[in-house]
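Below is one structure, written out as structure tokens; the observations come after it.
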Amino acid sequence: MKDLASLTSAEFKQFLDSFDNILCDCDGVIFPLHKPIPDAKDSILKLRQCGKRLGFVTNNNVGGFKQILEKFDQHEYKVNLDDIVYPTAAMIDYLKSIDFDKEIYLIGFPIMKEEFKKAGFKLADLPDKIEESRDGLKEILKSNPNIGAVIVDVDLNLNFPKMFEAALHLRQPDVIFMTGATDKNVPITSDLVFMGPGYFQQVLIDFTGRTPLGFGKPGLSLSKYVNNRFNITNPSRTLFVGDSLEQDIGFGTCCGYQKLLVLTGATTMDQLSKTTNKEWVPDFYISSFGDINRLIKDKLDI
Ligand SMILES: [Mg+2]
């Protein structure tokens with residue numbers, strides 16, 4: 001693991017020549033979380049000028065595609081719509097590819113539900129509350145045979161009945177189990193971390209013994225989808241840039257990409273130096289994505 005800024009000009013040239021594609025996480029890399037990321041736009045332009053193809057892979061399903069595009073506009077980042085991947089789109093494309101026509105039990109944000117409905121899928125109603133008695137449980141225990149998939153992402157109104165019913169459906173082996181974002185700790189401000197969906201997905205995994213199809217980073221299903229979307233046949237010539245050790249660097253490892261960690265988001269230098277999980281160790285780190293522009297200029301005079 002090397003600090004990109006510490007490379008000699010020759011080493012930096014070797015690094016830059018070693019990949020054709022750059023896949024970037026968004027929040028905490030090019031979209032600021034709790035402090036601005038100066039020069040990120042210049043880095044994007046410079047990398048394109050150097051002949052690199054850029055794609056963007058976010059776990060953020062909360063605002064839907066419209067909000068993702070608004071953020072790109074807000075920061076004046078030019079992007080092709082096809083170059084953005086997020087879990088909802090990956091899941092919808094997957095379900096279409098298998099001609100899925102049953103109901104979906106979806107634990108997620110309202111906008112995510114809207115996107116599934118717009119794509120033509122029927123969503124099951126989720127329980128708000130149950131009577132606090134054995135009779136209440138019996139109501140939920142009536143399983144719905146029309147449900148063919150359970151999807152778990154962020155739901156700010158998650159409750160016991162929703163989890164309990166999800167577990168019930170997942171007892172049927174032919175019900176597909178899919179996860180979106182798997183983040184456990186989601187930084188909101190510099191001193192506030194949000195409890196992410198990963199904790200609740202783990203409860204369902206432990207309880208049911210099922211392994212979900214992972215359509216958020218670092219999921220294997222997303223990995224196949226991304227390689228297909230970006231026509232990646234030689235993963236080692238792709239660089240993944242992210243701020244989260246588990247989601248981004250773990251995804252890079254899962255895909256066989258090179259990995260670059262930025263320190264403007266979910267991970268501090270202290271956390272990076274203490275990580276013991278080999279899959280979460282990046283090849284390189286840099287203080288900010290915005291520094292790439294300056295490094296290319298300083299080291300290679302481009
Ligand atoms: Mg991030």
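The values are calculated or read from the model by the stated rules, or taken from the named source; none is laboratory data. Note that the coordinates shown come from a computational prediction; the quantities given were computed from them, not determined experimentally. Glycine gets a Cβ as well: all are built from the backbone with ideal geometry, and neighbour counts include every protein chain shown. Ligands, DNA and RNA are excluded from the accessible area calculation, which covers all protein heavy atoms including side chains. Shrake-Rupley method; radii C 1.70, N 1.55, O 1.52, S 1.80 Å.
Summary table below
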item: Solvent accessible area, Å² - Phe160, 1.4 Å probe, full protein context; result: 120 Å²
item: The chain: most fluctuating residue of Leu263, Leu54, Leu168 per GNM, C-alpha cutoff 10 Å; result: Leu168
item: Under Karplus coefficients 6.51, -1.76 and 1.60, residue-wise ³J(HN,Hα) of the stretch 290-302 in Hz, glycine/proline x; result: x, 6, 4, 4, 5, 4, 5, 5, 5, 8, 10, 6, 9
item: Distant-in-sequence amide H partners of Lys184 (H built 1.01 Å from N, under 5 Å); result: Gly198
item: Residues listed by number, the stretch 57-82, amide nitrogen under 20 Å from Asn277 label point at 7 Å toward C-beta; result: 57-61
item: Helix-derived mean residue ellipticity, 222 nm - over the chain, DSSP H n ≥ 4, -39500 (n - 2.57), to 500; result: -10500 deg cm²/dmol
item: Sequence of Leu260, Leu300 when ordered by accessible area, the most exposed leading, probe 1.4 angstrom; result: Leu300, Leu260
item: Mean-position separation - Cα centroids, the stretch 211-262 and the stretch 171-203, in angstrom; result: 18 Å
item: Sites Lys122 and Leu156, calculated FRET efficiency, Cβ-Cβ separation with R0 25 Å, nearest 0.05; result: 0.60
item: Interchain or long-range residues, amide H under 5 Å from Gly55's placed H; result: Ile22, Leu23, Cys24
item: Area of Phe164 that stays accessible when all protein chains are in place (1.4 Å probe, Å², to 10); result: 50 Å²
item: Normalised convex hull volume, the chain, alpha-carbon set, Å³ per residue; result: 134 Å³
item: Global geometry of the stretch 88-214, whether rounded, prolate or oblate, following the gyration tensor of its Cα atoms and the 1.5 cut on a/c; result: oblate
item: Exposure of Glu279 as accessible area (Å², to 10), given a probe of 1.4 Å and all protein chains; result: 110 Å²
item: Amide H contacts of Tyr285 (H built 1.01 Å from N, under 5 Å, at least 5 apart or other chain); result: Lys2, Asp3, Leu4, Leu261
item: Whole-angstrom gap from the stretch 263-302 to the stretch 43-122, using each part's C-alpha centre; result: 25 Å
item: Accessible solvent surface per residue of the stretch 99-237, calculated while the other protein chains remain in place, 1.4 angstrom probe, Å²; result: 55 Å²
item: Karplus-derived HN-Hα couplings along the stretch 154-162 (A = 6.51, B = -1.76, C = 1.60, θ = phi - 60°), whole Hz, x at Gly and Pro; result: 7, 9, 6, 10, 4, 9, 4, x, 5
item: Whole-percent carbon and sulfur share, accessible surface of the stretch 88-214, 1.4 Å; result: 53 percent
